[in-house]
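Chemist: Just passing along the structure, written as C-alpha cells.
The values are calculated or read from the model by the stated rules, or taken from the named source; none is laboratory data. Given the structure is predicted, the values throughout are model-derived calculations rather than measurements. Heads up, the Cβs are rebuilt from the backbone with ideal geometry, glycines too, and the neighbour counts pull from every protein chain shown.
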Amino acid sequence: MFEVLVFVYENYWRGDACPELAHLERKLNAVGFDAEEIQDALTWLDDLNLAARGLQRPALGADENSSAPLSDINPWTPSPHSMRVYSMAEQDHLGAPCLGFISFLETSGVLPAHMREIVIDRAMAAPGYPVPLDDLKIIVLMVFWSLGEEPDALVLDELCDDSANRLAH
C-alpha cells in the first residue's frame, strides 16, 4: 500500500491535483500495481480526504464572535494547549519510535494538534504492528499533501531521509 501512496505523492504534488479515485485506480492499474494494494491505498486515501475535509470546519472557540451555527463547529478539534494521552491500542500499534517521532514533530512546531490527530488516525488504519517509522513518515507526508501544505525544507528532508543509508561520522 505504501508504494502506491508514494507514487501518488510523487506524481500529484497536491491533494487537489489528484484525480477522482476511479480515474486514479485506472492509472495505478496501468502502472502495474497489485489490485489489492491499489484498493487498500484508495480506501486509505478516501478516509484521509474525509479527515482533511473535517478540518475545514471552524474549531471550537476559534472565533468566539462567530455567528456560525453550533452544528458547524467541530467539537473534536483539539486545543493547541491540550495534552495528548495515547491509548494502549495506539501505543501498541504505533510503537515507541513512531510516538517519539510524532512528539518530535509536535515540539518542533511542525505538526499542529489537528494534523497530529489525522496522522494518528491514518497510522492506526495502516497495516503493520507496530507501524514502521518509514511508513509513518509517508503518512505524515500524505497528511501535509492532503491539506495542500508543504513542510519546510528541513522537515521534508527528515521525512524523506533513508536512515538505513546514513553514515555515522
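Chemist: Which one of 121, 92, 72 is modelled with pLDDT of 90 or more and loosely packed, with under 14 Cβ neighbours inside 10 Å? Walk me through how you get there before you give the answer.
Modeler: Values: 121 fails: loosely packed, with under 14 Cβ neighbours inside 10 Å; 72 fails: modelled with pLDDT of 90 or more.
Exactly one residue qualifies, and that residue is 92.
Chemist: Could we say that residue 47 is at pLDDT 75 or above, of a type outside the set (Ser, Thr, Tyr), more than 18 Å from the chain's Cα centre (by Cα) and closer than 21 Å to residue 136 by Cβ here? Steps first, please.
Modeler: Numbers: at pLDDT 75 or above: yes; of a type outside the set (Ser, Thr, Tyr): yes; more than 18 Å from the chain's Cα centre (by Cα): no; closer than 21 Å to residue 136 by Cβ: yes.
No; evaluated as a whole, the condition is false for this residue.
Chemist: Please determine, by comparing only the residues of region 95-118 that are hydrophobic (A, V, I, L, M, F, W, C) and part of a loop (DSSP other than H, G, I, E, B), which one is surrounded by the fewest Cβ atoms within 10 Å (Cβ to Cβ).
Modeler: In this case the residue turns out to be 110.
Chemist: Let me ask another. Is it the case that some residue within region 15-30 is more than 21 Å from residue 136 (Cβ to Cβ) and in contact (Cβ under 8 Å) with a residue 60 or more places away in the chain?
Modeler: yes
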